[in-house]
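**Q** Structure in structure tokens, see below.
Please treat every number below as a calculation from the coordinates, not as lab data. These numbers were taken from a predicted model, which means no experiment stands behind them. No Cβ is skipped: glycine too gets one built from the backbone with ideal geometry, and neighbour counts run over all protein chains shown.
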Amino acid sequence: MPGLAIRARGVVQGVGFRPTIWHLAKTYQLTGSVWNDQEGVMIHAYGPASVLAEFAEAIPKHLPPLARLDALESAELLGSAPDEFLIVASAGGRAADTVIAADAATCPACLADIADPGNRRYRYPFTNCTHCGPRLSIVRRVPYDRRHTSMAGFAMCPECLSEYQDPADRRFHAQANCCPVCGPKLWLEDGKGLLPGDPIDQAAAAIRAGRIVAIKGLGGFHLACDAANAETVRRLRQRKRRYAKPFALMAGSETMLRRYAECSSLESAALQSPAAPIMLLTAAGAGLAPELAPGDDKLGFLLPYTPLHHLLMAALNTPIVLTSGNVSDEPQCIDNAAARAELADIADLWLMHDRDIVNRLDDSVARLVDGEIRLLRRARGYSPQALILPVGFEQADGVLAMGAELKNSFCLIRRGQAIVSQHIGDLENAAAQRDYRQTIDLYRQLHGCTPTRIAIDRHPGYLSSAHGRELAAALPAELKEVQHHHAHLAACLAEHAAPLAGPPVLAAIFDGLGLGDEGSLWGGEFFWGGYRTCRRLAHFEAIALPGGTQAIREPWRNAYAQLAHYFAWPDLIAEYGGLAIVQLLNRKPLATLDAMIAKGLNSPPASSCGRWFDAFAAALGLHAEFADYEGQAAIALETLAGPAFFGERAYPDAWTLAQTGESRVLSWRGLWLAVLTDLRDGTDLARVAARIHHTLIDAASAILSTLATTHPADTVVLSGGVFQNRLLLEGLSAKLRTAGFQVLAPRAYPANDGGLALGQAVIAAAAAR
Ligand SMILES: [Zn+2]
Ligand SMILES: [Zn+2]
């Protein structure tokens, strides 16, 4: 009897791959065996040659939902055929690198189970199977067996065990398999003790009554309340001390969601996917509290992704706020005791359970921009999925990249694949920093990786860089410093599979701030390069940030620094003294600021596009005094410009590009004049905001085309946090495509600093050979 040995690589362990193969082999009446090993899954199949070929072709078409097949290789097999087809025990010591899948939203089959009064899992909030449920959030170490997860303390009852052992069952080797008899329990408590009754019904009733309920989710605690109840939403903002940042919302169904937001087919597919991210959607319709997303025309919606959410939302007629369970900027709580203590002044009730969350996983956030779903925060549902690196990186190994300071994530490279951690958060926060160290240790253990090379940002003040230096000394490993914006460029190349030896590309990297050459701060840069080299060809004119980091919180400081840079203040008063922004600035201690800027006291020059947006937003009266979070003013400017965008165009003669030394400098004096004049003339602010966007788009496009005449490239990379702006990314991409460029922008990894570690890692790997 002919035989075929088939090797499957990719995410093929812990996702129901072997039972799928077992079913398929039975269908084709083949005999043989299937097992997990260090490289993935191995299949030995015996039968008529033509049937074997059909079987091999059928495999990619019958993948279980959470599997990802990276390669399928076949070879002839010699030997005698067995009598039946069996799933056999795993071979070899270490499990494969791809063994941990991402946490996945409840699958349709499990949803049917909990909705069926005759099913033993009817209304059971921890129902899961090999196609769905917790993964990374409950894992303590590899191999991914129940004993190494927070399900270890729950011994399976006979019925669950028989499912677990039956290859024909959807729960065959489902490590988190459980039921009401043997699994975790849910309860509702207030500050004093347990509350009687059905915990889900009681929690839903409390939400309807305007109370705030802390809910233990998959990757952390959330705070929930009725999103239609303005008074409760205000109270949640006060208690949480989160005054302006938008709240995420959960709708019970897409039908409910469509009452409040627009949702395209691509957005719908993302919402319904196993990753179930928060999608930023255009708000439409009335009925929700206005305090959900002040100054923003978007609402961040997600759909239920655990049985607990499904059961709760089934009892509610309006969406709920579902925001991270924390105070202000702390990481969200993951354990019960911490949630009781830290949320004591915020929550009225706690919906809790006794399955530990081992790894904190925030909800991922995505937005549809320029026809693609783009992640702005990559965590639950996506991490720790590996990225297969482009051609030329096959041998890359043993790299750890430490990431940035804010929106931190880190990255490991192992056997030609990059594994980017979930969003860790802002390392200035002590708890986030503790998580950071622990999660690095976990990922190293999961992937059996002892780094020989550690990549850090050049910024000496980043805690991630300091930790990288410590680690490099302790291991020991070679240390590689990577320039911030080069890392943004390289991350985008890597996720778009640009080969290591590919031709150079042009890039516009626009973000808040990153350390450039010779101690200068960059953020509005044009480059030419690739993984190995990166030349700065042009940049925004560097202008002082009076007060340093204070200038991020107080956009008026940027507005003043820009105006004072381009104009004499008395002239400005004479011409534009009536403008609100000029009057506001006149009330500020301008003499002190002048002295600081003149002496270079805590006023580093920066060529930042993020601060440029802040300055223009402030000039239009948007968050001039104070921004609650970085990017708030820029988001407000984008929101303001939106309705007027398509009717407007760029200001003429608004910028100049002058050669200074190695690089060309982009001056915005003309734009400031045009904006001040429009403001004086009482032009509608939405039109002014739209014209500012168009001017940046025209300038960037013209500059890239000019640079291409001396630095040839077919491809332009657009990255950095500023490119989360939809008008900018879509407008500039369209112009560049018309000019004949291929445009690459981040999708699977954030354009902001959340994607930085991937770029650091590939640059370090590229430098190693
Ligand atoms: Zn399921
Ligand atoms: Zn059970």
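**Q** Which whole-number percent gives the relative contact order of region 221-380, counting Cα pairs below 8 Å spaced six or more residues apart? Walk me through the numbers before you get to the answer.
**A** On the way: 282 pairs, mean separation 49.8, N = 160.
In percent, rounded to a whole number, it is 31.
**Q** Out of all DSSP beta bridges with both ends in the chain, state the antiparallel percent to the nearest 5.
**A** On the way: 82 of 115 bridges.
Close to 70 percent.
**Q** Quick one: what are the phi-derived ³J(HN,Hα) couplings along region 114-122, Karplus 6.51/-1.76/1.60 with θ = phi - 60°, whole Hz, x for glycine and proline?
**A** Values per residue, Gly and Pro as x: 6, 8, 9, x, x, 7, 5, 9, 3 Hz.
**Q** As I understand it, the value is the acute angle between the Cα axis of helix 726-738 and the longest principal axis of the Cα atoms of the chain; what does it come to in degrees, rounded to 10?
**A** That works out to roughly 90 degrees.
**Q** As a test, work out the antiparallel percent of DSSP beta bridges whose residues both lie in region 448-602, rounded to the nearest 5. Present the calculation step by step, with values, prior to reporting the outcome.
**A** On the way: 13 of 18 bridges.
Around 70 percent of the beta bridges assigned by DSSP in region 448-602 are antiparallel ones.
**Q** Okay, moving on. Measure nothing fancy, just the Cα-based angle from helix 463-474's long axis to the longest principal axis of the chain, in degrees from 0 to 90, nearest 10.
**A** Roughly 50 degrees between the two axes.
**Q** May I ask for the angle, rounded to the nearest 10°, between helix 49-58 and the longest principal axis of the chain, with both axes built from Cα atoms and the value confined to 0 to 90°?
**A** The two axes meet at around 40 degrees.
**Q** Among rounded, prolate and oblate, which fits region 1-115 when a ≥ b ≥ c are the square roots of the eigenvalues of its C-alpha gyration tensor, a/c under 1.5 means rounded, and a/b larger than b/c means prolate?
**A** Working: a/c = 2.04, a/b = 1.48, b/c = 1.37.
Prolate.
**Q** Quick one: Cα centre-to-centre distance for region 182-240 and region 363-434, in angstrom?
**A** Rounded to whole Å, the Cα centres lie 31 Å apart.
**Q** Taking the Cα centre of each part, how many Å lie between region 308-354 and region 579-613?
**A** Their Cα centres are 41 Å away from one another.
**Q** Expressed as a whole percent, how much of the Cα-Cα distance distribution for region 639-713 exceeds 17 Å? Could you put the intermediate results ahead of the total?
**A** Details: 1376 of 2775 pairs.
In whole percent, the share of Cα-Cα pairs in region 639-713 beyond 17 Å is 50.
**Q** Which loop trypsin sites (Lys or Arg not before Pro) in region 149-220, with loop taken from DSSP, have no more than 15 other Cβ atoms within 10 angstrom of their Cβ? Can you show the working numbers first?
**A** Values: sites: Arg170, Arg171, Lys185, Lys192, Arg208, Arg211, Lys216; in loops: Arg170, Arg171, Lys185, Lys192, Arg211.
Passing both the DSSP loop test and the Cβ count: Lys185, Lys192.
**Q** Please identify every one of the trypsin sites (Lys or Arg not before Pro) in region 553-597 that sits in a loop by DSSP and has no more than 16 other beta carbons within 10 Å of its own beta carbon. Display every interim value, and only then the final one.
**A** Values: sites: Arg553, Arg557, Arg587; in loops: Arg587.
Here the sparse-neighbourhood loop sites are Arg587.
**Q** A further question on this structure: Please state the relative contact order of region 547-662 as a whole percent: Cα pairs under 8 Å, 6+ residues apart?
**A** Details: 88 pairs, mean separation 41.5, N = 116.
Over region 547-662, the number comes to 36 percent.
**Q** To continue, here is another question. Output the antiparallel fraction of DSSP beta bridges having both residues in region 220-322, as a percent to the nearest 5. Walk me through the numbers on the way to the answer.
**A** Values: 10 of 13 bridges.
Here the antiparallel bridges make up roughly 75 percent for region 220-322.
**Q** According to the square roots a ≥ b ≥ c of the eigenvalues of the Cα gyration tensor, what is the shape class of region 1-40, taking rounded for a/c under 1.5, prolate for a/b larger than b/c otherwise, and oblate for the remainder? Write out the running numbers ahead of the final one.
**A** Values: a/c = 2.74, a/b = 1.48, b/c = 1.85.
Oblate, since a/c reaches 1.5 and b/c is not below a/b.
**Q** What does the charge count around Asp113 come to, taking other residues whose C-beta lies under 15 Å from its C-beta (Lys +1, Arg +1, Asp -1, Glu -1)? All intermediate terms of the calculation are to be shown ahead of the outcome.
**A** Values: positive: Arg120, Arg121, Arg123, Arg170, Arg171; negative: Asp116, Glu159, Glu163, Asp169.
Here the charged neighbours net out to +1.
**Q** For the chain, what does the relative contact order come out to in percent, with C-alpha contacts under 8 Å and a separation of six or more?
**A** Values: 1743 pairs, mean separation 86.2, N = 769.
Relative contact order here is 11 percent.
**Q** Give the total of Lys-Lys pairs in the chain with Cα-Cα distances below 28 Å; include a pair only if its members are 8 or more places apart or on different chains.
**A** Lysine pairs meeting the criterion: 18.
**Q** Here's something else I'd like to know. Compute the orientation-averaged projected area for region 511-655 from the convex hull of its Cα atoms and round it to one decimal in nm². Show your work: numbers first, answer last.
**A** On the way: hull surface 41.8 nm².
That works out to 10.4 nm².
**Q** If you don't mind, another one. Give me a comma-separated list of calculated 3J(HN,Hα) values for region 689-695, in order, Karplus coefficients 6.51, -1.76, 1.60 applied at θ = phi - 60°, integers in Hz, x for any Gly or Pro.
**A** Per-residue couplings from phi come out as 4, 5, 5, 4, 4, 4, 5 Hz.
**Q** Run through region 161-229 and list the chymotrypsin sites (Phe, Trp or Tyr not before Pro) located in a DSSP loop whose Cβ has at most 16 other Cβ atoms within 10 Å. Could the numbers behind the result be given before it?
**A** On the way: sites: Tyr164, Phe172, Trp187, Phe221; in loops: Phe172.
Sparse-neighbourhood loop chymotrypsin sites (Phe, Trp or Tyr not before Pro): none present.
**Q** Where a ≥ b ≥ c are the square roots of the eigenvalues of the C-alpha gyration tensor, would you call region 473-597 rounded, which needs a/c under 1.5, or, failing that, prolate if a/b is larger than b/c, or oblate?
**A** On the way: a/c = 3.44, a/b = 2.20, b/c = 1.56.
Since a/c reaches 1.5 and a/b is larger than b/c, the shape of region 473-597 is classed as prolate.
**Q** Now for a separate question. Hey, any idea what Rg/Rh is for the chain, computing Rh the Kirkwood way over Cα pairs? Intermediate results must be reported in sequence, preceding the final value.
**A** Values: Rg = 27.5 Å, Rh = 27.7 Å.
Here Rg/Rh amounts to 0.99.
**Q** Across region 69-83, in residue order, what do the Karplus-derived ³J(HN,Hα) couplings come to in whole Hz, using 6.51 cos²θ - 1.76 cosθ + 1.60 with θ = phi - 60° and x for Gly and Pro?
**A** Running phi through 6.51 cos²θ - 1.76 cosθ + 1.60 with θ = phi - 60° gives 8, 8, 7, 9, 10, 10, 8, 5, 10, 9, x, 8, 6, x, 8 Hz.
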